[in-house]
Amino acid sequence: MNLDFSQLVPYIPFILEGIWATLKLAGISIIIGFILGTLLALCKITKLPLLKGFADAYTSMFRGTPLILQLMIIYFAIPQLTGYDISAFLSAVLAFGLNSAAYVSEIIRAGILAVDRGQTEAAEALGVPYKQMMINIILPQALKNILPALMNEFITLTKESAIVSVISYMDLMRRAQIVGSELYRNFEPLLFAGLIYWVMVFILTQIGRLIERRLRHSD
């Protein structure tokens, strides 16, 4: 086999810098997805047909089209339509955040519906306003149940973030591709990047399991 990892050694620090770029993208995207997803979830359980219809249409659109298509529309089409030259990082954050919101909204909606109906009925009987009931009673219980699922969404985002290399965002994958083009050897840098992704996902998975165990013991 024609393999020579010694040539990769000088480029290792350059590739490792992509870890922060990858985690930053995934972290900001999940925050955007969580905030927007919470609002969408509340719209889905409301009795207002207009809000419910909007939330359902949003989820259907972003879950029904490829993430890479959404990314390229934001990166290439927005400058064409508005004349605003959007950066690769902002495009990636918007695409991943908006896409994640569609999935997070379903997770949160399921978490809210899983809360005992008696909690809502008791709050209504006591005259607790809907907004206060959601913030102080329903959502805290729902979030406790869905934290493992949210952690899984973060792990998924971390892996899927590799597609931002197509718009030249300097993440882990893009840096591995650059090294491969300079060395005229792609297997070694890509294999190294794959190992780093695996380590990141492994660590995040262990963190998720730890959170899940703590939540289970706190019941």
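Rule-based calculations on the coordinates, nothing more; no lab input. None of these values were measured; they are calculated from a predicted model. Counting neighbours? That spans all protein chains shown, and the Cβs are built from the backbone with ideal geometry, glycine included.
Taking R0 as 45 Å, what FRET efficiency do you get between residue 130 and residue 168 from their Cβ-Cβ distance, rounded to the nearest 0.05? Mind showing how you got there, number by number?
Working: r = 46 Å, r/R0 = 1.03.
After rounding, the FRET efficiency stands at 0.45.
Measure off 7 Å from each Cα along the Cα-to-Cβ vector at residue 56 and residue 14, then give the distance between these two points in nanometres to one decimal.
5.2
Three principal axis extents, largest first, for the C-alpha atoms of the stretch 5-218, in Å?
Each principal axis gives a Cα extent; for the stretch 5-218 these are 71, 49, 23 Å.
Select from the chain the helices, each a whole stretch of DSSP H, whose alpha-carbon atoms run 27 Å or more along the helix axis and whose Kyte-Doolittle mean is at least -1.0; answer none if there are none. Display every interim value, and only then the final one.
Values: long enough: 12-44 (47 Å, 1.77); 88-114 (39 Å, 1.46); 139-160 (29 Å, 0.29); 187-218 (46 Å, 0.73).
Span-like helices in the chain: 12-44, 88-114, 139-160, 187-218.
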